[in-house]
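Enquirer: Could you have a look at this structure, given as structure tokens, before my questions?
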Amino acid sequence: MASTRTGNRRTRVHVVSDVHGNARDLARAGDGADALICLGDLVLFLDYADHSRGIFPDLFGKENADRIVELRTARRFAEAREFGARLWGGIGTDRAAAIEKAVRRQYEELFAAFPTPTYATYGNVDMPQLWAEYARPGTTVLDGQRAEIGGWTFGFVGGGLRTPMRTPYEIDDEEYAAKIEAVGEVDVLCTHIPPEVPELVYDTVARRFERGSRALLDAIRRTRPRYALFGHVHQPLARRMRIGATECVNVGHFAGTGTPWALEW
């Protein structure tokens with residue numbers, strides 16, 4: 001990656017989200033940029049495009065992955081949880097320990113792929129308690145915090161809101177709003193989930209509305225950052241939208257595209 005900006009040279013930042021196990025492309029994501037920003041969801045638990053990939057099919061096989069995707073896509077979440085519980089009961093091991101072991105394998109590879117410098121926050125499928133063990137020098141983890149890059153102030157808020165999916169890093173609306181408030185006024189507001197706008201939260205392939213944040217939307221309207229960057233929704237109805245003075249951008253499903261979104265100023 002290029003060095004920190006000097007003099008009047010322009011700054012270029014690459015932004016990724018929803019990496020979901022794509023370590024190969026992640027290792028190249030910072031090429032030509034002064035910094036890489038990652039908006040979370042490093043872990044691949046289950047690939048909805050290829051049901052043979054991820055922690056779930058590794059443990060239970062593709063046919064069972066096909067079934068749980070079918071149930072979740074149909075929004076039959078209670079049945080999906082019951083089906084998953086039967087599978088976990090059948091392998092005779094501790095669920096949390098099995099998941100953590102698999103996540104650790106993925107984190108070891110993914111954090112090693114981060115270039116220097118990288119600024120990262122958590123996604124809803126991540127396990128924040130493990131990040132400190134794997135983040136190397138040159139990787140800065142932020143959640144409810146700010147960083148300066150090339151003379152601009154970036155704010156970072158990780159995680160998702162409570163859903164029937166019960167992914168690992170879902171928090172209450174009040175806790176999420178407090179992190180948004182802690183970040184305050186910034187040039188670029190970086191979050192994993194989008195603001196609560198129908199066009200930004202609807203996934204056209206999963207055919208459902210994901211959870212966006214009302215507190216984030218209110219903060220965008222109130223503090224008017226130059227950009228609001230996020231991921232989470234893999235195939236959104238709208239990838240970008242202007243809200244007042246702010247350009248809101250879904251930086252993309254990096255696991256599928258392998259291409260970072262570029263911001264230059």
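Enquirer: With VAL188, VAL157, VAL197, VAL183 as the choices, which residue is closer than 30 Å to ALA102 by Cα and hydrophobic (A, V, I, L, M, F, W, C)?
Expert: VAL157
Enquirer: Taking the conditions exactly as written (at pLDDT 95 or above, open to solvent by less than 60 Å² (accessible area, probe 1.4 Å) and more than 19 Å from HIS20 (Cα to Cα)), does ALA113 satisfy them or not?
Expert: It is false that ALA113 is at pLDDT 95 or above, open to solvent by less than 60 Å² (accessible area, probe 1.4 Å) and more than 19 Å from HIS20 (Cα to Cα).
Enquirer: Go through the stretch 10-94 and tell me which helices (runs of 4 or more DSSP H), entirely inside it, have 2 or more residues that are out of contact with any helix residue (DSSP H, G or I) (no Cβ under 8 Å at 6 or more places or on another chain) and either free of Cβ contacts under 8 Å to residues at least 60 places away in the same chain or open to solvent by 10 Å² or more (accessible area, probe 1.4 Å) (or both).
Expert: So the answer is 62-73, 77-91.
Enquirer: Find the residue count for the stretch 217-261, including only residues that are open to solvent by 40 Å² or more (accessible area, probe 1.4 Å), in a strand (DSSP E or B) and hydrophobic (A, V, I, L, M, F, W, C).
Expert: Going through the stretch 217-261 one residue at a time, the tally reaches 2.
Enquirer: Quick one: is GLU210 at pLDDT 95 or above, within 15 Å of the chain's Cα centre (by Cα) and buried (at least 20 other Cβ atoms within 10 Å of the Cβ)?
Expert: Answer is yes for this residue.
Enquirer: Would you call GLY123 open to solvent by less than 70 Å² (accessible area, probe 1.4 Å), touching a His at 6+ places or on another chain (Cβ under 6 Å) and in contact (Cβ under 8 Å) with a residue 12 or more places away in the chain?
Expert: Yes, satisfied.
Enquirer: Identify, by number, the condition in (1) in a strand (DSSP E or B); (2) surrounded by fewer than 17 Cβ atoms within 10 Å (Cβ to Cβ); (3) among the small types (Gly, Ala, Ser) that ALA98 doesn't meet.
Expert: All conditions are met except number (1).
Enquirer: Return the residues of the stretch 181-200 that are open to solvent by 20 Å² or more (accessible area, probe 1.4 Å), within 19 Å of ALA238 (Cβ to Cβ) and assigned to a helix (DSSP H, G or I); say none if nothing qualifies.
Expert: Answer for the stretch 181-200, where residues must be open to solvent by 20 Å² or more (accessible area, probe 1.4 Å), within 19 Å of ALA238 (Cβ to Cβ) and assigned to a helix (DSSP H, G or I): PRO198, GLU199.
The values are calculated or read from the model by the stated rules, or taken from the named source; none is laboratory data. Quantities reported herein were computed from a predicted structural model and do not represent experimental measurements. Please note: Cβ atoms are built from the backbone with ideal geometry, for glycine as well, and neighbour counts cover all protein chains shown. Ligands, DNA and RNA are excluded from the accessible area calculation, which covers all protein heavy atoms including side chains. Shrake-Rupley method; radii C 1.70, N 1.55, O 1.52, S 1.80 Å.
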